[in-house]
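Okay, so here's the structure we're looking at.
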Amino acid sequence: MWLAYTLVAAFLWGVGAVLAKKGLAQITPLWNNIISYGFVLIMMVPWAINGGVNWERLPAIFSLTLLTAAAYSIYFYVISRGEIALTGTINSMYPLATIILAKLFLGETTSGLQNLGIIATLAGAVLIAWPKDVKVKLESWVWWGAAGAMIAGSGDFLTKLIIGQSDMYTFTLSHELAFIPVMMGLWLVDRKGRSMPRFQFKSWWPTLAGVGILQMGVLSFFIALSLGQASLVTPVSSIYQAITVVLAMVWLKEKVSFRQLMGIVLAVGGVLLLAVEA
């Protein structure tokens, strides 16, 4: 069942990411996080409470879920830094961080085929990030995508670890409650992002639809992590980038060079190799 939930999450993330990116032209990453939390209150908190929260265990895991909440809150900042087909692809290298941490601390192992997938994703990332002029520094979106990948991968590892120490429902509630202090911190730091545009359905609907779809994907992903190994669930979930890239080129008219396109194809192929033994 974990594979089905993971594929659902990947599809929802692929569609939601493009909608959210389109909305970022009008609405800041800070407000994307705030709006996203509105969907959390509607969907995920009631789902967790109805599922059965271990209230005694909740305080013990709260400090760790502060880290997962902080890790996931940077997503909108990452995709706002460049074309979604590129930033999203670099950011989707996060399975590498998850696999390494899972092998070191959870005792999970990877096969030869999965190791080949890791090499392919790394090679794809290099092709995507390689500048047109080697004398020019790498563009900022590359660093944002790489940082996002490491942080998101660490967040997924912590999510699996915390679920193992508690349960899916207790983790979900604690994770969402932890977003409150995280967003307070973002509000204090991101002063430019506080400005909110006047509400117009035409400019707001991509954000509202995008963050809502992304949150549904997160819920499906949490369920998948509770059922399967992090070193398998996380790589499979990364196929959302294939959907994102296609939609970004078709709908957002984003331009990708041939070299970068080959890098994206190689990275997607690497992720698929990681998922073969799932």
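The values are calculated or read from the model by the stated rules, or taken from the named source; none is laboratory data. Quick caveat: nothing in here was measured; it's all calculated off a predicted structure. All Cβ positions, even for glycine, are placed from backbone atoms using ideal geometry, and neighbour counts span all protein chains on display.
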Worksheet item: Does TRP31 fit the bill of being touching a residue at least 12 places away in the same chain (Cβ under 8 Å) and surrounded by fewer than 20 Cβ atoms within 10 Å (Cβ to Cβ)?
Response: no
Item to complete: Counting only residues that are within 17 Å of ALA178 (Cβ to Cβ) and either touching a His at 6+ places or on another chain (Cβ under 6 Å) or at pLDDT 80 or above (or both), give me the helices (runs of 4 or more DSSP H) lying completely in the range 1-119 with at least 2 of them.
Response: 29-39, 45-51, 58-73
